[in-house]
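Every read-out reported here was derived from the displayed coordinates using simple, explicitly stated rules and does not represent laboratory data. In this text the structure is predicted, and so the values were computed from the model without any measurement. Positions of Cβ are backbone-derived with ideal geometry, glycine not excepted, and every protein chain shown enters the neighbour counts.
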Amino acid sequence: MSKNIRTLVEAAIFAALAMALSFIPDFASWFTPSFGAVPLVLFALRRGSKYGLLAGLIWGLLHFALGKVYYLSLSQVLIEYVLAFACMGLAGFLTTPLQKALKSDQEEKALLFALVGACLATITRYILHYIAGVIFWSSYAPKGMSAEWYSFTVNGTAGILTLAFVIISIVILLRSQPQFFQPNH
Ligand code: 218
């Protein structure tokens, strides 16, 4: 199988895995972390930004196919389900330095690059949810609370929890299976 086809199949598999994890119920309302971010960021770090952004886009679009979209308006949905999910692939911008560091056995440096990628992707995504929260979700704020502070507490909590799960998964996988980040096909 050509490398391109193989990587596209991987992108589809990881996007599907992320979507399956999106079915974990919102047990803490909008404060609930996005567990699907774990496979998506790991995949983006493995294959780079082009395939990572594609996998993120597929993950976002799968919400439409499976009826998991919270729709307030067209621009809200484009920001939160197309742009925000695609942004998870931004981690792939750190793939080249990550793989260089692994090749020269610089494990701490490799970990640092992977974590920068994870932060870049997760923070960018939740900044978009924060902005959408201020513009579109302000009517859900408790009485007397500003839209900015409401969106910051909700999306800040979800973003930090999501980042925590992603960071833990990167530390474990980079220590136990560094070859995951150095695919040879
Ligand atoms: C204050 C607030 N509430 C709800 C949302 C909507 N939101 C938040 C996080 C993640 C997602 C994508 C689906 O998991 C959505 C739609 C918001 N932005 N702000």
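Quick notes on this structure:
- The value of relative contact order for the range 1-81, using C-alpha pairs under 8 Å at least six residues apart, is 30 percent.
- Kirkwood-based shape ratio for the range 90-185, expressed as Rg/Rh from alpha carbons: 1.16
- Kirkwood Rh, angstrom, the chain [1 / mean 1/r, Cα pairs]: 16.7 Å
- Which of ILE24, ILE170, ILE5 has the fewest Cβ neighbours within 10 Å, and the rest in rising order: ILE5, ILE24, ILE170
- q = 0.26, 0.33 Å⁻¹, the range 1-47: log10 I(q)/I(0) [Debye, one scatterer per Cα]: -0.89, -1.13
- Nearest-ten-degree value, helix 3-21 long axis tilted from longest Cα axis of the chain: 40 degrees
- By the equivalent-ellipsoid construction on the alpha carbon gyration tensor, the range 68-115 comes out with semi-axes of 36, 8, 6 Å, ordered largest to smallest.
- Extreme residue, positive dipole direction of the range 97-146, given options CYS119, GLN99, ILE131 (C-beta unit charges): ILE131
- Residues with amide H under 5 Å from that of SER34, placed H, sequence gap 5 or more: THR162
- Taken about its Cα centre, the chain carries a charge dipole of about 440 debye when Lys and Arg each add +1 at the Cβ and Asp and Glu each add -1 at the Cβ.
- A straight Cα-to-Cα reach below 19 Å connects LYS50 with the lysines LYS3, LYS100, residues fewer than 8 places away in its own chain not being considered.
- Once the gyration tensor of the Cα atoms in the range 1-86 is diagonalised, the equivalent ellipsoid follows with semi-axes of 24, 14, 11 Å, ordered largest first.
- Using the Cβ-Cβ distance between LYS3 and THR153 with R0 set to 35 Å, the FRET efficiency works out to roughly 0.20.
- Seen against the Cα atoms of the chain and their longest principal axis, helix 37-47 is set at about 40 degrees.
- Segment ALA12-GLN179, length gained on full extension (0.36 nm per residue, minus Cα span): 58.1 nm
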